[in-house]
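As structure tokens, the structure follows; a few thoughts come after it.
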Amino acid sequence: MTEREERIVERLLLAQCWVIDFLPFKVPADAGRRFFAVEKHCREPHRMRRFRQALADVMLKLGCYESFHMLSEGEAQALSDPPPEVLEDRIAASEDAVMLLIGESAPPDGVVSRQALFTYDPGDLYATVYGPSEALLALLKPLASSCGLFVRKGEDG
């Protein structure tokens, strides 16, 4: 990742976070016991594969509309618009964390608001999108829904 990409990522991580989740709403604190039973069930290997594939499908569909730049620790340069099979494998099967800049890699005016940051850590039952525009959210929500997932605003702080 270049220094410029690191700066962009740092700025986007401070932006509003949205969650791509298998649940449409945050679970109330008093439902913890029930939630943890469901979460344990959803972490079974075949269910995790299904969740990760659904997440990959969302991002593959989004890739028809938006440019991606796959960032990797230790890699000197982002992979711009990775081939679908590479993107799918990275999200659905890899044990590596996924970090994608969504939008222009180098906007001509340097405005970061045209970009968002997608992150996913293998083993999680959610992914995050930092700093998406209203237009990106309007696109992301139906794409997630078509794959059985939900997009909701993350919590502040």
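The values are calculated or read from the model by the stated rules, or taken from the named source; none is laboratory data. Just so it is clear, the model here is predicted, and its values are computed rather than measured. FYI the Cβ positions are ideal-geometry reconstructions off the backbone, even for glycines, and counts take in every protein chain you see.
Being at pLDDT below 90 and over 20 Å from the mean Cα position of the chain (by Cα), is that true of even one residue in the stretch 6-19?
no
This table checks each residue for (1) closer than 14 Å to L125 by Cβ; (2) among the polar types (S, T, N, Q); (3) buried (at least 18 other Cβ atoms within 10 Å of the Cβ); (4) within 19 Å of the chain's Cα centre (by Cα).
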residue	(1), (2), (3), (4)
P24	yes, no, no, yes
P28	no, no, no, no
K40	yes, no, no, no
L55	yes, no, yes, yes
L62	no, no, yes, yes
S72	no, yes, no, yes
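Only one of F68, F36 is crowded, with 17+ Cβ neighbours inside 10 Å, aromatic (F, W, Y) and at pLDDT below 95; which? Outline the logic, then answer.
Working: F36 fails: crowded, with 17+ Cβ neighbours inside 10 Å.
Testing whether each residue is crowded, with 17+ Cβ neighbours inside 10 Å, aromatic (F, W, Y) and at pLDDT below 95 leaves just F68.
Filter the helices (runs of 4 or more DSSP H) completely within the stretch 1-84 down to those with at least 1 residues that are out of contact with any strand residue (DSSP E or B) (no Cβ under 8 Å at 6 or more places or on another chain), within 19 Å of F150 (Cα to Cα) and among the aromatic types (F, W, Y). So that I can check it myself, show each step before the final result.
Working: elements: 3-12, 32-42, 45-62.
Per the criteria, 32-42, 45-62.
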